[in-house]
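Note sheet for the following structure.
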Amino acid sequence: MRRRRRLPLLAPLLAPLLVFAAACAPAREAAGSPVSPLTRIPAADRRTAPDLTGSSLDGKPVSLAGYRGKVVVLNVWASWCGPCRAEAPELSRAQRVLGAKGVQVLGVDTDARQDKGRAFQDEHDLVYPSLHDPGSRKLVRLPKGYMPQALPYTLFIDRHGKIAAKYLSPLTEADVRTITRPLLAE
């Protein structure tokens, strides 16, 4: 009987953890197989990404439009996000491997405090710039359906500044290579 009484007491404590885990995990189809976290957008249906501008975590000006002509991997993250922490070294590796081929990783730090983002950047030795966007105020300018609902969240922007794909899960360097390959060939 005591077990029955404890379970209802633990439920309110566990509920937020279950919601967080569900937001970070890839969706599942009814049969239990994973749904792909990748959505590719055909060239004819692509929408232009807004020019996200501001200061990098290093205090330098950064603008998405400044990378026109490159395939941009726009990764939205926060220092408190566990999957973002796991993904950060993979994105740095992707920048090192693919930068010379025309790929640019650009982070968007959504932390309220810039010092948290800078500490994350230093801790993970990020080799790509990150735009500081507290509260996602700049991201709200993304076209409808492209605003991140969970972190990490990544948009792939083609050489013409149009949103070519979105990825709703942590990325590996191999994922970035696979997703950018056809975009580099366009």
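The values are calculated or read from the model by the stated rules, or taken from the named source; none is laboratory data. Keep in mind it's a predicted model, so treat the numbers as computed, not measured. FYI the Cβ positions are ideal-geometry reconstructions off the backbone, even for glycines, and counts take in every protein chain you see.
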Quick one: count up the residues across the range 43-92 that are exposed (fewer than 14 other Cβ atoms within 10 Å of the Cβ), outside any helix (DSSP H, G or I) and within 15 Å of the chain's Cα centre (by Cα). 1
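The rows are residues; the columns are (1) touching a Lys or Arg at 6+ places or on another chain (Cβ under 7 Å); (2) at pLDDT 50 or above.
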| position | (1), (2) |
| --- | --- |
| Leu13 | no, no |
| Leu18 | no, no |
| Pro34 | yes, yes |
| Ala49 | yes, yes |
| Thr53 | no, yes |
| Asp58 | no, yes |
| Lys70 | yes, yes |
Contact list please: Cβ distance under 8 Å, first residue in the range 92-115 and touching a residue at least 60 places away in the same chain (Cβ under 8 Å), second residue surrounded by 15 or more Cβ atoms within 10 Å (Cβ to Cβ) and among the basic types (Lys, Arg), pairs at least six apart or on different chains. Ala94/Arg177; Val97/Arg177; Leu98/Arg177; Gly102/Lys70; Gly102/Arg159; Val103/Lys70
Filter the range 91-120 down to the residues that are of a type in the set (A, V, I, L, M, F, W, C) and in contact with an Asp or Glu (Cβ under 9 Å, 6 or more places away or on another chain), then identify the one that is nearest to Gly135 (Cα to Cα). Val108
Output the number of the condition that Val62 fails; it satisfies all remaining conditions of (1) touching a Leu at 6+ places or on another chain (Cβ under 7 Å); (2) closer than 21 Å to Ala165 by Cβ. (2)
Do you know which of the residues in the range 107-116 that are under 14 Å from Val62 (Cβ atoms) and at pLDDT 95 or above is surrounded by the most Cβ atoms within 10 Å (Cβ to Cβ)? Gly107
Among the numbered criteria (1) at positive phi; (2) modelled with pLDDT under 95; (3) small (Gly, Ala, Ser), which one does Gly161 miss? (2)
Residues of the range 148-165 being hydrophobic (A, V, I, L, M, F, W, C) and part of a strand (DSSP E or B), which ones? Leu155, Phe156, Ile157, Ile163, Ala164, Ala165
